[in-house]
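K.L.:
Pasting in a structure now, in structure tokens, and then I'll have a few things to ask.
Read the figures in this text as sums done on the coordinates, not as results from a lab. Please read all numbers here as calculations on a predicted model, not as lab measurements. Cβ placement follows ideal geometry from the backbone for every residue including glycine, while neighbour counts extend to all protein chains displayed.
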Amino acid sequence: MKLLGIEFNRYACFERCFVPLDTGIRLLVGRNNSGKTALLRGLETLRGLPFPGRGAFDTGVSRYSRAQDPYPHHFISIYFEYEPGDKAFLPEGVGAWPSFIAANRLQWKFSFTVIPSSGAMLFNGIDILIGQEKTVVLESRKNDVIRYHYNLDGSTHRVDTVAGKSGEVLSDGNILHTYDLSGVFSAFPKLMQTRMVSAHRVVRPLHQLQALDTLTDNADSLAPFLDTILSNDRERFNQIEAVVLDIFPEFKLVNPEKTQNGVSVSLTKRDTEQRIPLTHCGTGVEQILAIATFVLTAKPGTIVLLDEPHSYLHPIAERRLVDFLFAHPEHRYVIATHSAILINAVSPDRILALGQPDILPNTSISTNSISSLLHSLGYKNSDLLFNDRLIFVEGESDQEILPLLLSRNPLLSIAGLDKTGLPVMDGEGKLRGRDQQRSLLYWEKFLSQLGKQATPRIYLFDGGCVQEDRKLLEKTSVFSSGSAALLRFLLMNEIENYLLVPEAILATLKEIGDFQGEYPAGLDEATVRAQLDKLLADIENHKLYPNGPGDDPRQFVKGSVVLDMLFAAYGIRYDKKKVGRLIATKISYENQPLLKDIWDLFPRDFLPYK
């Protein structure tokens, strides 16, 4: 059996939510109160599975249980992929079914009821999923467990009672049975090795001296725990110390220090040999020391649950933390985070984006090659995850200039605009037809992979897009009725056309000249206006008018080429992204009334109005 993940039912804000746990690092990403910590706490209850050696879990998860009658409870299902060696666990007859033999994908589903108030998990049964068919393997009843055997036509051949389990009556009247960890349950021991690392990790400055073999979830007992490791497993202590010193090279030693009153932790400075108490070393040092200790002392195969491990860390330390976790693939990691560095460190299929009512197994455990390709090309997961709406633009200059032009609308909420993402489509405006459409569809698949299909979004193309290409894009199924995606075209050839304002260009030239300490000769608004008009009048210049001048040269000219030529006349290189942004800061509705054309492209229910 190969572990796939855990599905929660009627838990926290979720009707159904599947958390993949197949391998490596998994990120839980979403806004505050989207359920990240609730899922980590829910996964922690795996240590209480009804098998020998079951451990206690925090009964506080009862507040996340949505079923309340007659006591708080919720349900979890644990999915495994069927492997050839699992044949011995199949009920008689099933392995010979034509549907079983023909199935591309076979899964085991183990179902449990979690009763937090009793700190217990009750086994409900096992199904094997054959395509869309669900076949019962074991079914738990109040006093026994039934095993089903089948004929080739799917009818029940016989039913056995599974023996060899003892029952414990819980305070709520339920009977908790403990099952032997053999046979079909042989994959569960490592699932019970879960380790919760709280978001609030604060090391106690001075702790009672005692031998500890477990570190508390909030790391407050770190001092005596490290002292115990130093005494019993010096090699392991050296590994922990090496992680801290690698990330914070200004230190040379980590020191558990015993006194008459207890034990504390200090670090030795490399340059002065001075011992600095951990409480005075900076919170980031404390966090890295705690996380390294949790990871390096966990048994291989542990599911490590990290709540906001990036807290208090400098971006450099965050990257080192990511490297450290990748260097220890002996564990599975589920991480609740807001960190763009962590989010961008993994491929999109490793991210579970919360905020939707149902997150289902079949979509969550599949890998999308398109999204992986986009990620490998440098498109960032964080571009898509933390915004209320998305405007896809053709180039980086659009990404810089468009928000500034939108912000000039006095009716818009500037704070709300901060939640508007502007990912850049491929091609910098140079793609045509099918390639434009392909770029658009790549992004749609990327959004699907991240579970963000419901995000309102607009694909904004330059006005220079020819009619044939416009018709092709309009036919794309993405823009069907009821879709959250809309298609728009600028009225001007490109975003730079809105920057062809002599007043704004003059102010930018002066600003650059002031920075360089050298003002171009003859710099005044009349001169800039005359030069601009002269360029616009050169309608035979194919570089300026690749599609012809049309009825209005200001609409059909390539604005970026005009600005490039104009700035070159003053010995300044026009950078579309940097200089274009500088001009945009000087554009207003008063000097550029055509801004309203841009504002009108976006429906009133799309942008955040005051």
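K.L.:
Rounded, prolate or oblate: which fits the stretch 8-125 when a ≥ b ≥ c are the square roots of the eigenvalues of the alpha-carbon gyration tensor, with rounded for a/c under 1.5 and prolate only if a/b beats b/c? Let's see the in-between values first.
P.N.:
Working: a/c = 2.18, a/b = 1.65, b/c = 1.32.
Prolate, because a/c is 1.5 or more and a/b exceeds b/c.
K.L.:
Taking Cα pairs under 8 Å and at least six residues apart, what relative contact order does the chain come out at, in percent?
P.N.:
12 percent
K.L.:
Taking Cα centroids, how far is the stretch 107-138 from the stretch 18-55 in Å?
P.N.:
17 Å
K.L.:
DSSP loop (so not H, G, I, E, B), at most 11 other Cβ within 10 Å: list which trypsin sites (Lys or Arg not before Pro) in the stretch 191-244 pass both filters.
P.N.:
Of the trypsin sites (Lys or Arg not before Pro), not one in the loops of the stretch 191-244 has a Cβ with at most 11 other Cβ atoms within 10 Å.
K.L.:
Given 10 Å bins starting at zero, what is the percent of C-alpha pairs of the stretch 495-593 in each, up to the one with the largest pair distance?
P.N.:
Computed distribution, short to long bins: 16, 51, 29, 4, 0.
K.L.:
Exceeding 24 Å between C-alpha atoms, which entries from my cross-link table qualify? They are Lys190/Lys258; Lys419/Lys578; Lys510/Lys543; Lys534/Lys558.
P.N.:
Details: Lys190/Lys258 35 Å; Lys419/Lys578 22 Å; Lys510/Lys543 27 Å; Lys534/Lys558 14 Å.
Flagged as over cut-off: Lys190/Lys258; Lys510/Lys543.
K.L.:
Sort the stretch 239-330 into rounded, prolate or oblate with this rule: let a ≥ b ≥ c be the square roots of the eigenvalues of the Cα gyration tensor; rounded if a/c is under 1.5, and if a/c is not under 1.5, prolate when a/b is larger than b/c, oblate otherwise.
P.N.:
Here the stretch 239-330 falls in the prolate category.
K.L.:
In whole Å, largest first, what are the principal axis extents of the Cα atoms in the stretch 121-164?
P.N.:
Here the Cα extents, ordered largest to smallest, are 30, 22, 14 Å.
K.L.:
Viscosity 0.890 mPa s, temperature 25 °C: what is the translational diffusion coefficient of the chain from Stokes-Einstein with a Kirkwood Rh over Cα pairs, rounded to a whole number of µm²/s?
P.N.:
Here the translational diffusion coefficient equals 86 µm²/s.
K.L.:
In terms of the Cα gyration tensor, with a ≥ b ≥ c the square roots of its eigenvalues, is the stretch 60-215 rounded because a/c is under 1.5, prolate because a/b exceeds b/c, or oblate?
P.N.:
Values: a/c = 2.34, a/b = 1.83, b/c = 1.27.
It is prolate, given that a/c is not under 1.5 and a/b is the larger ratio.
K.L.:
What value in Å³ per residue do you get for the convex hull of the alpha-carbon atoms in the stretch 511-567?
P.N.:
Working: hull volume 5.0 nm³, N = 57.
It is 88 Å³ per residue.
K.L.:
Something else about it: Under a 5 Å amide H to amide H cut-off, with H placed in plane at 1.01 Å, what residues pair with Asn124 once short-range neighbours are removed?
P.N.:
Ser111, Phe112, Thr113
K.L.:
Please list, short to long, the whole-number percent of alpha-carbon pairs of the stretch 441-486 in consecutive 5 angstrom bins beginning at zero.
P.N.:
5, 19, 29, 24, 15, 7, 2
K.L.:
Quote the charge dipole size of the chain about the Cα centre in Debye, to the nearest 20; the model charges only the Cβ of Lys and Arg (+1) and of Asp and Glu (-1).
P.N.:
Details: 66 positive and 73 negative charges, 194 e Å.
For this selection, approximately 940 debye.
K.L.:
I would also like to ask the following. Rounded to the nearest 0.05, what FRET efficiency do Arg105 and Asp435 have when you use their Cβ-Cβ distance and R0 = 56 Å?
P.N.:
Between Arg105 and Asp435 the formula returns 0.95.
K.L.:
Still on this model: Using only the Cα atoms of the stretch 217-288, what semi-axes does the equivalent ellipsoid have when each is the square root of 5 times a gyration tensor eigenvalue? Give whole Å, largest first. It would help to have the intermediate numbers written out before the result.
P.N.:
Details: eigenvalues 63, 41, 33 Å².
Computed over the stretch 217-288, the values are 18, 14, 13 Å.
K.L.:
While we're here: Would you mind listing how long the stretch 445-560 runs along its three principal axes, going by Cα atoms, in whole Å with the largest first?
P.N.:
56, 35, 18
K.L.:
To continue, here is another question. Under 5 Å between amide H atoms, partner at least 5 residues away or on a different chain: which partners does Tyr179 have, H built in plane at 1.01 Å?
P.N.:
Placed amide hydrogens put Phe51 under 5 Å from Tyr179.
K.L.:
In the stretch 540-571, whose amide N lies under 19 Å from the spot 7 Å out along Cα-to-Cβ of Arg529? List them in ranges.
P.N.:
Only 553-555, 563, 566-567 fall inside the zone, counting backbone N under 19 Å.
K.L.:
How large, in Å, is the stretch 56-112 by the Kirkwood hydrodynamic radius built from its alpha-carbon pairs?
P.N.:
It works out to 14.4 Å.
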